[in-house]
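The values are calculated or read from the model by the stated rules, or taken from the named source; none is laboratory data. This is a predicted model, so every value here is computed, not measured. So basically every Cβ, Gly included, is an ideal-geometry build from the backbone, and we count neighbours across all protein chains shown. Note: accessible area is taken over every heavy atom of the protein model, side chains too, but ligands, DNA and RNA are not part of it. Shrake-Rupley method; radii C 1.70, N 1.55, O 1.52, S 1.80 Å.
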Amino acid sequence: MDKLRALQYFIAAAHERSFTAAARELDVSVPAVARLIGALEKSLGVALFDRTVHGLTLTADGVNYLDACHPLLEQLASADEAVRGGVQRPRGTLVLGTSPILSQHSILPALPDFHAQYPDIHIDVRNVDRVTAPEASTAEVLVLYGWPKQAGMVHRHLADTRLLVCAAPGYWKQHGVPESPRDLQNHPCLLFRDHEGTVIDYWEHERDGQTEAVAVNGWLVSSHRDVILDAVIAGQGVARFTDLSIREPLRRGLLEPVLMDWQTRQAPPINLLYRHSQRRLPRVRLFIDFLTELFQKLENERTPDLASNVAAEQPHWYRRRHSRASATPKSGKREAGTGNARPT
C-alpha cells in the first residue's frame, strides 16, 4: 500500500465527505479512492468512516487520525513547494476562507490584478464567517471580521472599519434626519443577526467623551446582510453597515449616512489568520502580501469624514449566546430592556 497516497486520499475524502468528490478533486477514479482508504483502515485495524447513503462521516478514530495526519502532510507540502518555488513560477490552489461581505465588497474586485501577476495560482474562495466554523479548517488563509481567537494560528490586523447608520436619501427626506442616537427609536431599524444567532439591536455611540446607547427595533431581521441592504436602499428603514462594505452604494448616492459626528467603539476590525506552517508556501506568502497591501490601500482611500478616531473594542455582548444584544448584561448587570437610550 502506498501510505502517503492513502493519507492524501483519506484527507480529501474527510474534507469532501464523499469518495466521489474526493476522486474528482484528486483526478483519480472513485474505486481507487475507496480501495486505498479501505486498505488504510485494514492496516490500522479501525474504521475511519461511517458510510451511509447520505455520504461519509468520520468516526471517533477517524477524527483523531485526521488531526494527527494534517501537520505531517502540511509539512511535506510546504517542503515540496518551497523547493519548487525557487525554480518555478508560484502555482497551486490557494484556499481563502472569508465572509461573503468581505469577499464580495473588498477582496474579489482586486483579485483580477493578483491573477494577472500570478496566473498559475488558482483561488478557491469559501464562505467562512468565524474561525471555529468547520470550513475554516480547509482554508490556508482566513480573512474575518471581529475579534477571532484561535490557538496555533498567526493573527494579523488588516484594517479598521467604521459603523455607519444609513438610509436611502428619500427615506431621510420623508421621515427626518436623527440629531442624536436616541432619535433612532423613532425609526424602523433593520437588524442583522450574527453567526451566533444574536440580533444586533444595541447600538452604542460616542462623541466628545459622551456615550449614548440605544436599543433599536424594526420590522425586519436577517442573517443575510444583502437582504438588509436591499431593503434599506428601497427606503424601508434604517440600518448600520461597515463603511468598507458599502463604498459603492455611498458613491452612487443610494445610501446616506447620518450621525457622522458620533462614532462607535464596536466597529469590527478585519483580521488575517493563517497557520504558521502555511507561511512557507510561496502562494500563501504572496497572497498574504497581496491582502496586506489591498486593505492598506482601502484604508488610505477612506475620505476624512469616514475616518475613525476611537479605538475598536469588543462589544459586551460578543461571544455571549443571547437572542438580542440588548438583552446581554453589561459589566455583570442586566440592563433594562425598555428600549430607551441610556448612557453607559
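To check you understand DSSP bridge types, tell me what percent of the beta bridges within the chain (both residues inside) are antiparallel, rounded to 5.
Numbers: 31 of 45 bridges.
Expressed as a percentage, antiparallel bridges in the chain total about 70.
For n ≥ 4 DSSP H runs only, could you compute -39500 (n - 2.57) per run for the chain, divide by its residues and tell me the 222 nm figure to the nearest 500?
-10000 deg cm²/dmol
For the chain, with a Gaussian network of springs between Cα atoms less than 10 Å apart, report the residue from SER222, SER43, SER245 with the top mean-square fluctuation.
In the Gaussian network model the winner is SER43.
Which FRET efficiency, nearest 0.05, do ASP120 and LYS297 yield, Cβ-Cβ r, R0 25 Å?
According to the calculation, E is roughly 0.55.
How much of the accessible area of the chain, in percent, comes from carbon and sulfur atoms when a 1.4 Å probe is used?
Carbon-and-sulfur percentage of accessible area, whole number: 50.
What are the radius of gyration and Dmax of segment 252-323, computed over its Cα atoms and given in Å?
17.0, 46
Could you please put ARG51, ARG283 in sequence from largest to smallest accessible area, using a 1.4 Å probe?
Reading off the accessible areas and sorting them downward yields ARG51, ARG283.
Could you list the residues of segment 193-208 with an amide nitrogen less than 18 Å from a label point located 7 Å from the Cα of ARG265 in the Cα-to-C-beta direction?
202-208
Only Cα pairs under 8 Å and at least 6 apart count here; give the relative contact order of segment 3-84 as a rounded whole percent.
26
Give me the angle, in degrees from 0 to 90, between the Cα long axis of helix 282-300 and the longest principal axis of the Cα atoms of the chain, rounded to the nearest 10.
It works out to around 10 degrees.
Sort LYS149, LYS42 by accessible area with a 1.4 Å probe, largest first. Could you put the intermediate results ahead of the total?
Details: LYS149 150, LYS42 175 Å².
These residues rank, largest area first, as LYS42, LYS149.
For Cα pairs less than 8 Å apart in space and 6+ apart in sequence, what is the mean separation divided by the residue count of the chain, i.e. the relative contact order in percent?
19
Could you run the Debye sum over the Cα atoms of the chain, one equal point scatterer each and no solvent, and tell me log10 of I(q)/I(0) at q = 0.08, 0.11, 0.16 Å⁻¹, two decimals?
The calculated log intensity ratios at q = 0.08, 0.11, 0.16 Å⁻¹ are -0.50, -0.84, -1.33.
How far is helix 3-16 tilted off the main Cα axis of the chain, in degrees rounded to 10, range 0 to 90?
So the inclination is approximately 30 degrees.
Can you tell me what percent of all Cα-Cα pairs in segment 3-84 are more than 21 Å apart?
Details: 858 of 3321 pairs.
Cα-Cα pairs of segment 3-84 separated by over 21 Å account for 26 percent.
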